[in-house]
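This report refers to the structure that appears directly beneath it.
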Amino acid sequence: MKKISIVLADDHAVVREGLRALLTAEEDMEIVGEAENGWQALKLSKELHPEVVIMDLAMPSLNGIEATRRMMREAPSSKVLALTSYCNDEHIRDMVQAGAAGYLSKQTAAQDLLRAIREVQKGNAFFSGTIARRLRNQSRAAAYQRGSVRKSTGLTEREAQVLQLIADGYSNKQMGEKLGISVRRWRSIGSSL
């Protein structure tokens, strides 16, 4: 069985140690590197090409948001899963815009973290329950103002539909089915968003 390669990026050694203990107990996961700041996370991603990088937001030297943004340009094969204590709308939005595939609170249950890693590795988005509900509620509120929101953000009707499905927690495959798009076509559309 091929293991999911993971880099842990958190400036707190005790957090990395706890994550390492949890993840190495899983048969399908292996830790290939650890970073205590954003620069190290970026360097390890470029050198080791991990499938998933578990990224804290508040780190010295280069924060998780900027490290993710750079990683998406310089090591795009790695998928970033934010694991942080910062769960306000601004941080979530900034991290998702930077390219994170998922966002979890550090209060998340261990089983949710394991599921998130597996989903993100498959190419799906994953958000903890409270964050997914907030995104869904924001998306619904925006739906009432859809005309003005699309005009102010420049979103097309189709992009607004995709955003709604992401906020509702659908996987790429499920979104493709709902929108009537083949997986191959969906991947080409998703990569351009």
Exposure-ranked with fewest Cβ neighbours within 10 Å first, Leu81, Leu48 stand as Leu48, Leu81
Run the quick spin-label model on Lys173 and Ser61: label points 7 Å from Cα toward the beta carbon, then report their separation in nm to one decimal. 3.9
For Lys2, the lysines lying under 30 Å Cα to Cα, once residues fewer than eight places off in the same chain are dropped, come out as Lys43, Lys46, Lys79, Lys106, Lys122, Lys173
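What translational diffusion coefficient, to the nearest whole µm²/s, does the range 11-104 have by Stokes-Einstein, given a Kirkwood radius computed over alpha-carbon pairs, a temperature of 25 °C and 0.890 mPa s viscosity?
186
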Please give the length that would be gained between Arg93 and Lys122 if that part of the chain were fully extended, namely 0.36 nm times their separation in residues minus their C-alpha to C-alpha distance (nm, one decimal). 8.2 nm
So, R0 is 25 Å and r is the distance between the beta-carbons of Arg158 and Glu74; what FRET efficiency does that work out to, to 0.05? 0.25
Scalar couplings 3J(HN,Hα) for the range 121-127 by Karplus 6.51 cos²θ - 1.76 cosθ + 1.60 (θ = phi - 60°), nearest whole Hz, x for Gly and Pro, are 4, 6, x, 9, 7, 8, 10
Modelled label-to-label distance, Arg140 and Met1, 7 Å Cα→beta-carbon offset: nm? 3.8
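Rule-based calculations on the coordinates, nothing more; no lab input. All values derive from a computational prediction rather than experimental measurement. In this analysis, Cβ positions are derived from the backbone assuming ideal geometry, glycine residues included, and neighbour counts consider all displayed protein chains.
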